[in-house]
Amino acid sequence: MAAADWADGAPLARVSRALDPRINQFLTKRRLVFAGSVRTGGPAVLMMRDIGDERARGGITAAAALDRLVNQYPGPALIVGPGGRIVGANEAARVLSAMLRAGHDGLARLVDRSRLSVQGLKEELVFQGEDEDDLVLEVTALAMGAMVLLLARDTTVERRLIVSLSDSRQRLTDIIDCLPDFSWETDSRGTLTFVAPRLALGYPAEELHGQDAAVLIDAEWLAGRANPFRAEQRLTDSEVWLRAKDGTHLCARLSCVPVCDDHGRQIGVRGVARDITAARARENALSLALDRERLRGAVTEAMRGAGGLERALRVAAEAPLSALNAGGALILARNDAGGVANVLMTGSVLPVTAWSIREEVARLMARDTMPGAVHVVELGTDTALVAIAWESGAPIGALVLVRSARQPWQGGQISLLGAVADQLGLVLGLRARVAQLEALSLVDALTGVMNRRAFDQELATKMRQADRLGRRGTLLLIDFDGFKALNDRFGHAYGDRALSLFGRAIQDNLRAGDLAARLGGDEFALWLDGADAAGGFAKTDSLYEMMGRVNGALGSPEAALGLSIGIAVYEPGGGEGRDAITSRADHALYRAKRGGRNRAELALTAGSVAC
């Protein structure tokens, strides 16, 4: 290339400025230096100097330097003359030369545009390689007078890597957007710089960008704790409570790592949080169900084991007392008068508190409450959890836990107590039925007074009581006169009516503390508490009056009934037993029968010998 083809100095400076840094790096490694232009009375001269081994060379022309640059350039390089003619090219420029000859639009435009540009132009162009795969070249075009220098760098692998990385980034972004987890990154101030998915905790991701991450944390949970969005060390599966945009409280499992710069200084935190609220609710529900079944099982097992119903009542009170961290427990049941009575009390419960609870339970049971209902009742400095126990479709009692009002009851605790109340209703119902059966087993069904078994038990108790109090008591044995004839003439149903009328009359006229029983057949017994012989005879007068009313009710004067009565007075401290006093009264009754019937006889004193 002739020196005249170059402009005066300026094009050579543009070569140095326009060359890609990698090209300048190549030139430096090759120890070629653009020394600028030197004006020596003619065209510009490019001086090259060997920096390393060669001390100095004579000046060479710009064309020679350009030829050497083209030949030694590691990538495609060629020189384009006027009309698109290729003036020079290196071996690597075969594809570039072929594309230029084939009229590659992008390459041709780049050459034409560079002729009009003061500065060099750079453009990335795609060519079809020799193996028919796309070849991407970064081409630098620099006009030098009538010539254009083209230097290219193969960026195919780099471009593919960029595309691959971009695809991978997009793929990762898409995957993160599809995951339910909340991914995030914060800067050193705790400000959110990245959020995924697009809708996180009810917030659009763009709304959270630039926001303080602390707005996502439940303030009550955060009190006294370190902000995990500004963690200074790795956290793994830490449980945190977050707050969604709609105010919902969410339990999340959070993992994060600090992000540091090249100098080891922390510049932020990145991590992921998974919403485990539903899973935690399921765990709590399962735990609650297990606790509920455990408490139910404890009550049921107590019913089956030794101690029976009374042991089951104690377990029903003590099991939730411990499980729910209460200070005291009460079990109340409906009584025969329609009120409420304490059945069992354990733990620490003040008498005034117990009274207030009893009143409140009576009020709740009188209301139309639903089975399984549990109520929280405030009692001044205490708070009570009241579970109404039901049996056979009606409230039968209550289980009550008491503790300080500073410890409010939680929903799970209320549910647990309701489960125990279900079992308590069963226990109280069985207890009431057992009491009824026991009462029936002690009562003569025909007359309504005690039967012989019950009377024997109660008589022994009354005699011990008389010994303790030092006062007398009187036993009367009563036998109908003419009962067999009545039965033979009118039938057993008529006789049963006579027995029933007499028994009811006795029961209706019984004093507090006295006992009345049918011993069997037409034989009755009375214990007159605190009575002496005179009191015994006075009672016989009322008995004869009762029998007179019975005869009137029967309406059969021709078969009127009479009474033979034996009276035995018990002297306290004498050591007489139940059988002994009964025997004395029986002997007196026999004397009354033998003496003409329808009369009363006083038994001999204890220790006397009958004639």
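Below, the figures for the structure above:
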read-out	value
For segment 466-482, 3J(HN,Hα) per residue [Karplus equation, 6.51 cos²θ - 1.76 cosθ + 1.60, θ = phi - 60°, Hz, x = Gly/Pro]	4, 4, 5, 8, x, 10, 6, x, 10, 9, 10, 9, 10, 9, 5, 9, x
Loop trypsin sites (Lys or Arg not before Pro), segment 462-554 (other Cβ atoms within 10 Å of the site Cβ: 15 or fewer; DSSP)	ARG471, ARG511
Burial order of peptide ranges 377-389, 421-433 (average beta-carbon count within 10 Å, highest first)	421-433, 377-389
Segment 335-344 - phi-based ³J(HN,Hα) in whole Hz, Karplus 6.51/-1.76/1.60, Gly and Pro as x	9, 5, 7, x, x, 10, 10, 5, 9, 7
Cut-off under 5 Å, modelled amide H: who pairs with ASP181 long-range	none
Rounded Å value of the spacing that divides the Cα centres of segment 109-160 and segment 195-265	49
Amide H partners (placed H, <5 Å) of GLY530, local residues excluded	GLY473, THR474
Phi to ³J(HN,Hα) by Karplus 6.51 cos²θ - 1.76 cosθ + 1.60 over segment 516-522, Hz, x for Gly, Pro	9, 8, 9, 7, x, x, 10
Accessible area per residue, Å², segment 115-163 with all protein chains present, probe 1.4 Å	53
Area of GLU310 that stays accessible when all protein chains are in place (1.4 Å probe, Å², to 10)	100
Accessible surface, segment 306-440, averaged per residue in Å² (probe 1.4 Å)	47
Portion, in percent, of the accessible area of segment 306-440 that falls on carbon or sulfur, probe 1.4 Å	54
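The values are calculated or read from the model by the stated rules, or taken from the named source; none is laboratory data. Here the structure is a predicted model, which means the values were calculated and not measured. As a convention, Cβ positions derive from the backbone with ideal geometry for all residues, glycine included, and neighbour counts pool all protein chains shown. Quick note on the areas: whole protein, heavy atoms, side chains included, nothing else; ligands and nucleic acids left out. Shrake-Rupley method; radii C 1.70, N 1.55, O 1.52, S 1.80 Å.
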